[in-house]
Structure formats: C-alpha cells, structure tokens
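Contents: one structure, followed by commentary.
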Amino acid sequence: MNIVYHLYKISHLTLLMGLLLILLVSGIGLAIQWYFIPHIPSVERLKTVQMQVPLQIYTKDNVFITEYGEQHRIPVPVEQIPPLLIKAVLAVEDNRFYEHAGVDIKGLFRALVNLLKTGKKRQGGSTITMQVARNFFLSHKKTFTRKFNEILLALKIDETLSKDEILELYLNKIYFGHRAYGVGAAAQIYYGKNILDLNLAQWAMLAGLPKGPSVNNPLTNPTRALERRNYVLKRMLVSKYITINQYELAIKAPLTAKLHKLTSKIDAFYVAEMVRSFLLKKFGKNAIYNGYKVFTTLDSQHQERANLALRAALFRYDKRHGFKGALKHLSIPQVENVEKWADDILQDYPKHGDLVPSLVLKVKHKNIIAYNRIVGRFQIAWKNIAWARPYIPDNKWGRSPKSAKEVVKRGDIIMAHPIIKAWKKNKMEWRLSQIPEVQGAFVALNTKNGAVLGLAGGFNFRHSQFNRVTQALRQPGSSFKPFIFSAALTKGFSDKSRILDEKISFKSGGEIWQPRNSSHKYYGWTTLRTALTYSFNVSAVRLLNQIGIGNTINHLTKFGFDRKRIPNTLSLALGSGEVNPLQLAAGYAVFANGGFRVKPYFIERIEDLNGQVLFSANPLTICRHCPNEVLTSEKALLSDILVPHSVCTQTPRYAPQIISTHNAYMITSMLKDVIRIGTARSSKLHREDIAGKTGTTNDQRDAWFVGYSPDIVTSVWVGFDKPRSLGRKEYGGRVALPMWADFMSWALRGKPVKPFPMPNNYEEESQEDMTDSKITITDKNQENALQKSTVIPEQLF
C-alpha cells in the first residue's frame, strides 16, 4: 500500500508540475502575443531604410568645401564589400550567422550561464541580426525587456530579409570610431582608400573595431589595436576563412592606419552656410542627412582670389592704424624642449584665416625668432615688423618703432602671417600681424545670369559667422548715385545735360539742410557726366529734386531694392538708404549687361548618393531679341531658380529688361570715367572695359566700391560691424577700391578688351570731349575729399 501511495503522490506531483509548466509557457506565450509583439516596430521599413549620410558641398569645378552631418558614412552595397572583410567580421561577431535564424541559442545559453555565475547582466550572445535590431530600433540600455524585444525583432528580421540584406545594413550602420559609420567611411578615414583597395591585415583591423571603437583604435591605442587585429586573423584561420600562408603574411604586416579626414580644399564657408540654410528651409531637417552633393556656382580660382583680395584690403587698413599688441604674454619656463611646451600652449589658440598663432622665443634688434605648430622655428625680418607703431584710438597714431624690442618681447603670443614669394621659388616669409577688428564683404557675380562666382562674407567664418554680403544692411553712400542718374536719363536727361552745382538749402520740419560737396567747394554749371565722375553731392541732390523723389523710388525698385529701405527724402541722392553688397552687385549687373535684371543664385545643381542630378539651376538669362512681352514680364523674378532637373532641361527663362540698352550704356560710359579720371583712378587698371563707383558714408563709417566688366560685377565693402568711423581720409577709393582692383586685375589678366552692350545706331564720342573741361582737380586734399560723399541722417526729414 505504501508503494502504491507514494507512486500516486509522485504522479500527482508530476502532473501538477506539468500543468504549472504548461501554464507558465502559455503565460509567456500570451505575454509575447499580447504585450511584446504589438509593441515591436515593423521591420518592413528596413527594406527602404535611408542611412544618415552627410551633406557635402563643392564648387562648380568640383573642389570640396565642407560637409554637414555628425555621421560620416559612405554606403556600400553588399556585393561591393570584399568577401574577406565579411568573413573577418563574421569570425569575431557571429560565426554561425548563416546557420541560425537571427538568434544563436548557443550564444544565449552562454550568456545565461555567465549571468547565473556572476549575477551580472553583461552584453553577450548577440548575433549580427540582433545588433541590427538594436541599432535600428532599440536603445543600448542593458535590460531584460530590451533583450527580449531584441530577440523577437531579430527573429522577425531574419524572416523578412535575406542574409545579404542584413549584412549590408549591419556593415553600413555600425560605428568604427572617429565619426566613421560603416565600412566605406572607415576605409576612407583610417586608410584614405576605397574599401576594395585594402589588404587582409587592414580588413582584419576594421573588423576588430566595432567591439570597441575607442579601446581597439589604431590611432589612439595602436598596441591594443594590433592585438585585436591579430585575434581577428586567428579567428579567421580557425574558421578556415584564410590559409596559413595568408595568416602568417598578414600577422607580420605593420599598422598603416592614419587619420584621413575629408578636409576643406577651399575657404568658402559663408557660401556653404548659405547652402545649408537654403536646403533646411526648402527640404526640411533631413536635407542634411540624405547624402546630397551640392555643387555651388563658385569657381574655385575666383573664390580663392576673393578671399585673398578681402584679407589683403583688411590687412592694409589694419597696418595703417597700428599694432594693438600681443594676444597674451607668458613666462617661458626653463625646460629642455621648449618647442614641446610651446606646442601644448599654442593648441589653445586657433588659426584665423591665414594668421597662425606663434610664440616669441627671442627678440633681437631688427628681427624676431618665433615658433608655431606649422613650421616650427622661424624668423620675422625687420621689414615685416617696422609697420607696428602703437595703436591709439580716435585717428591718432603712435611713433614708428626703431627696434623689434619696442614691439614684442620673449613670451608674447602673436599672430604671424605667411607670405609666399613666388619669384623666389616659393620661399616663405613671415610677417607680424593681428586679427583685424575691421570687417569686409566681397561678392562677384556673372553679369549674364547672376551666378555667384566668389563670395567672402567677412575676414574669417570661424571667427564670425555673420555674412556681411547678405545680412549686413548699410548705407551705400555715393555708390548709389548711378541709380539716381539712371532715373534722370529716363526723364530726358543725358550725360551732357547741365546741372547747377551751387549752394542750396532745403527746409523740412523746421530743420534746414544744406548739402555740401566733400571738397567744400562748388563748381557752378556742370554736366551730369562730370558730376558723377567726381561724385559731386550738390549736383546729385539738385538732380533728384528736379526728377522727383517718387519717380526715382519707382525706378529704384525695378533694380530689386526694397522700397521699405529707401528714404522718401532728398538724402536718397547721397545713398542714405540701406542695402547689402549682394543687392548692389545685382543692381550694377543691370548696367553691365545692357539693362536686364538677373537674379543672383549660388547653387548649380544637387545630386543624390548615386550621382543622379535631382535639381538644377534654371537662371534668368539674357535674350536680346525676344518679344517685348517676354522682356517686360517680371514674373520670372518671383519663381525659384533651383528646379527639378527634368524641368530645367525643358524650360528656358529670360531676364526682364528694366532699363533701355541706351540707359545702361550711358551710365556705364560715365562710370568708365570714374575709373579713368575720377574718384577711382588710383585703381591703375588701364582698360576700356571696366566701370565702377566709389562710395563713402558720413564720417567714413562705410567704404564701398562696386565695379564691373561686361562679364563680372563685383561689390566690396569695408567697415565695422558696430558702425563707427574708419578714420580720417579712409574713403572708398582708399579702403575698398584696392580690394576690387586686386581681384579684377587677376580676373581680366590676359583677356582681350570686350565691349559693353551698345544700343543700335550709337556713335560714341571721344573720351576727351565727354567730360567738362572746366573741372580740374589740382589740390591733393581736394582730390582725397572728392572721394567722400556726405550722407545726411534720415531723421532730418
């Protein structure tokens, strides 16, 4: 009986445990079915997943500018990934990848045993498929819930995608360190090569990185990286992925990894930021991560010359006003390796454009011995120090130094400027310099279609991101007068029309305004040509008064100037409105191209990851023989220039003609005299195909020059961001004109003289007969003063 009873108890207990096990399994099943599965994201989107690929920006001639995006990635199709690299990854990450269904039970069991032994949750048992699930759908927080979801997702992924599709996702998603995501970017970052061009040792090195991108990194921890690479090679040998000969050859290979960052080849960061802002506005935030390649309208050589011209102009101004002193003074310790100490110190001081932070090691009577991280020790000769008289504000200058010891001392941190002497077989000299406080802007456009050829929005983008070409609204001074004179031509005036340059007063709101010429003299009856050539203020005000402010404002808006920024006062004749350099350049382009209003643009085309053109520029172009209804329509000015590529190839667009060819040609003819004999004659560009106008505002707060040839119009500005005087005698012809001349002398070098668009049946008079012979400029101070234009504050009206 006892035996029967015990057997009964045992069978009863077994049955109970079986029922409990069934209930437990059923409960887990129901939990999976009702809780976990409904919360699992759909894996279908992995079939069309868009990897984050940075936005890259280039010049029109394919010179790299910069890229935007945190993840550097070069997607590579799985069929283009070397088989040995795939095997290297499988050897250390998931050797049973092709055998399991997304989850490796053996691996999970090992992880469970480890948990029972240590009582700690550790990463383990994860297959490549599970890593794909984690990287695309889950967080990296180590919890049982996340692990369970990871398993379910891996099973679903393996059921939905092929093994090759899973591998492609993994190998393009995983992080390899140094902002490199995916094997394509890793090959570029560490070896500067395409993934197909690496060898077995290098593939093994890359395969060892995902486990620990920092710990196993060949750049920061070469010893540990070598151990990890050799471990990968050993695993490949054990797995019979490679032969013993391949293993022995690869194991002996030295580390060859170096950092190969994709670096900017040209300084065009102001334009790059314009591109980024435009894409975000047009396409949304994902535009930065879709792998677009944007080709701007910039020509790399024009852009380089624009940067050089702007910086040279700012350096010239800055040198005239004296040296503001060292950035900082340090006491140099008595150390065996002073260069190493200097390296550590100087890494905290960034470059600014071409300026390199340097430490003064020794000061002699007529030279300086200094050190920087670019060339090591170098010398600054006296000729490149002698300019540095002390800076004193408010138009004062210190005494010129007699010795380098009056300028700097040992331990000073200074800015040094490299100068390449091409005629001395590229020998480099160094000049004592400083970061200019004064700022500038430069923009050059194609006069035929408005394409931006070169643009510099300031001295250095990293120092100041404010783009003065597009964002700075400043008074244009006398550079605005050509538009007033153009309005006069539409009212029947000609360049020979005479205007009385005599004292005049205007009363408004109880205030008396008496415009004056900058020379403080009056010239009596003079022609419009002479008045514009020598920038007579009184003549311009009288002319505006005669043709009417309202009519003139209507005329100005045709050029694209904002009516809200144009004052309804006679001071408008002297440039008291507000414009930016890009608006002025576009306005002058009308004179250069014969009367057509083109629309500035800076993006030539946008390509996708595969090089397919998505969008192309369809700019307004000039058609001199189109019907009047085409030339007089301004609807095209309101539409986007960047359009889908298919539309661009089918629909040409034409710029409206806003002034007659005769009007444009007469203004150009007068502005040629400005350069030939007027306020811009110091440019020393002796060509018949250039024209332009200086501009200076009240108290020399802004200095301008806008000039052009038949093909290029360039607008330049110099001033302080917080407006204040540039100083005595700092007129547009002295401060801004040299920037324009530097650029245009290069742009036109070796090119034949090209005529401006001329109206039909027009016979040009000789230049000697076109200016007023009664006007002579003999006094030097008067000559300088003629470059200045007085702008009356708007509140007087």
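The values are calculated or read from the model by the stated rules, or taken from the named source; none is laboratory data. Everything numeric here is computed off the predicted structure, so don't read it as measured data. Note that we place each Cβ from the backbone using ideal geometry, even for glycine, and neighbour counts take in every protein chain shown. The area values use the complete protein model at the heavy-atom level, side chains included, leaving out ligands, DNA and RNA. Shrake-Rupley method; radii C 1.70, N 1.55, O 1.52, S 1.80 Å.
Just a yes or no: is a residue in region 391-399 at pLDDT below 95, surrounded by 16 or more Cβ atoms within 10 Å (Cβ to Cβ) and among the hydrophobic types (A, V, I, L, M, F, W, C)?
no
Can you find a residue in region 248-263 that is under 23 Å from N446 (Cβ atoms), surrounded by 21 or more Cβ atoms within 10 Å (Cβ to Cβ) and of a type outside the set (S, T, N, Q)? Let's see the steps before the verdict.
Taking region 248-263 as the starting set, the residues that turn out to be under 23 Å from N446 (Cβ atoms) are none.
No, the conditions are met nowhere in region 248-263.
If you scan region 154-211, which residues turn out to be open to solvent by less than 30 Å² (accessible area, probe 1.4 Å) and on the phi > 0 side of the Ramachandran plot?
Listed by number, the residues that qualify are G177, G182.
For region 446-502, give me each residue that is within 21 Å of R701 (Cβ to Cβ) and among the aliphatic types (A, V, I, L, M).
Residues satisfying the conditions are A456, V469, A472, L473, I484.
For region 726-741, indicate whether the set of residues that are crowded, with 17+ Cβ neighbours inside 10 Å, among the hydrophobic types (A, V, I, L, M, F, W, C), part of a loop (DSSP other than H, G, I, E, B) and modelled with pLDDT of 90 or more is non-empty.
Checked region 726-741: at least one residue is crowded, with 17+ Cβ neighbours inside 10 Å, among the hydrophobic types (A, V, I, L, M, F, W, C), part of a loop (DSSP other than H, G, I, E, B) and modelled with pLDDT of 90 or more.
Go through region 437-459 and report how many residues are in a loop (DSSP other than H, G, I, E, B) and open to solvent by 10 Å² or more (accessible area, probe 1.4 Å).
3
Filter region 594-614 down to the residues that are touching a Cys at 6+ places or on another chain (Cβ under 9 Å) and crowded, with 23+ Cβ neighbours inside 10 Å and list them by number.
Listed by number, the list holds a single entry, F596.
Residues in region 469-487: is at least one within 17 Å of the chain's Cα centre (by Cα) and surrounded by 23 or more Cβ atoms within 10 Å (Cβ to Cβ)?
Looking through region 469-487, at least one residue is within 17 Å of the chain's Cα centre (by Cα) and surrounded by 23 or more Cβ atoms within 10 Å (Cβ to Cβ).
May I ask you to list the residues in region 354-368 that are over 18 Å from H463 (Cβ atoms) and crowded, with 16+ Cβ neighbours inside 10 Å? Quick ask: steps written out before the conclusion?
If we filter region 354-368 for residues that are over 18 Å from H463 (Cβ atoms), which is where we start, we get 359-368.
Matches in region 354-368: L359, V360, L361, V363, N367, I368.
Could you list, in sequence order, the residues of region 373-390 that are open to solvent by less than 100 Å² (accessible area, probe 1.4 Å), outside any strand (DSSP E or B) and closer than 16 Å to A342 by Cβ?
V375
Please enumerate the residues belonging to region 497-530 that are among the β-branched types (V, I, T) and either in a loop (DSSP other than H, G, I, E, B) or touching a His at 6+ places or on another chain (Cβ under 8 Å) (or both).
Of everything in region 497-530, just one residue is among the β-branched types (V, I, T) and either in a loop (DSSP other than H, G, I, E, B) or touching a His at 6+ places or on another chain (Cβ under 8 Å) (or both), namely I504.
Out of (1) open to solvent by less than 30 Å² (accessible area, probe 1.4 Å); (2) in a helix (DSSP H, G or I); (3) of a type in the set (A, V, I, L, M, F, W, C); (4) farther than 13 Å from V89 by Cβ, what's the single condition that is false for V232?
Failed condition: (4).
Restricting to region 344-353, count the residues that are surrounded by 15 or more Cβ atoms within 10 Å (Cβ to Cβ) and either part of a loop (DSSP other than H, G, I, E, B) or in contact with a Lys or Arg (Cβ under 9 Å, 6 or more places away or on another chain) (or both).
Taking region 344-353 and keeping what is surrounded by 15 or more Cβ atoms within 10 Å (Cβ to Cβ), we get 345-346, 349, 351-353.
Within this subset, residues satisfying the condition of being either part of a loop (DSSP other than H, G, I, E, B) or in contact with a Lys or Arg (Cβ under 9 Å, 6 or more places away or on another chain) (or both) are 346, 349, 351-353.
Going through region 344-353 one residue at a time, the tally reaches 5.
From I380, I368, I288, grab the single residue that is aliphatic (A, V, I, L, M), more than 19 Å from P401 (Cβ to Cβ) and touching a residue at least 12 places away in the same chain (Cβ under 8 Å).
Criteria check complete, one pass: I288.
In region 264-294, what residues are surrounded by 14 or more Cβ atoms within 10 Å (Cβ to Cβ), in a loop (DSSP other than H, G, I, E, B) and out of contact with any helix residue (DSSP H, G or I) (no Cβ under 6 Å at 6 or more places or on another chain)?
Result: S264, K265, Y289, G291, Y292.
How do the pairs read when you match residues in region 751-762 that are closer than 18 Å to H662 by Cα with residues anywhere that are open to solvent by 100 Å² or more (accessible area, probe 1.4 Å), using Cβ under 9 Å and keeping only pairs 6 or more apart or on different chains?
P757/R624
Kindly check whether there is at least one residue in region 63-77 that is at pLDDT below 90 and among the aromatic types (F, W, Y).
Checked region 63-77: no residue is at pLDDT below 90 and among the aromatic types (F, W, Y).
How about region 578-590: which of its residues are open to solvent by 20 Å² or more (accessible area, probe 1.4 Å) and either at pLDDT below 95 or assigned to a helix (DSSP H, G or I) (or both)?
Passing the criteria: L582, Q583.
Every residue, every condition in (1) hydroxyl-bearing (S, T, Y); (2) open to solvent by less than 10 Å² (accessible area, probe 1.4 Å); (3) part of a helix (DSSP H, G or I), yes or no:
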site: L532; (1), (2), (3): no, yes, yes
site: L543; (1), (2), (3): no, yes, yes
site: N551; (1), (2), (3): no, no, yes
site: N554; (1), (2), (3): no, no, yes
site: G560; (1), (2), (3): no, no, no
site: L572; (1), (2), (3): no, yes, yes
site: S576; (1), (2), (3): yes, yes, no
site: A592; (1), (2), (3): no, yes, yes
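Which of (1) under 18 Å from G322 (Cα atoms); (2) of a type in the set (K, R); (3) free of Cβ contacts under 8 Å to residues at least 24 places away in the same chain does K351 not meet, given it meets every other one?
(1)
Of everything in region 664-717, what is outside any loop (DSSP other than H, G, I, E, B), of a type in the set (S, T, N, Q) and open to solvent by less than 10 Å² (accessible area, probe 1.4 Å)? Give them in sequence order.
Result: T668, S669, T694, T696, T714, S715.
Quick check on my filter: what residues within region 81-108 are surrounded by fewer than 17 Cβ atoms within 10 Å (Cβ to Cβ) and at pLDDT 95 or above?
P83
Within region 305-336, track down each residue that is acidic (D, E) and open to solvent by less than 70 Å² (accessible area, probe 1.4 Å).
D318
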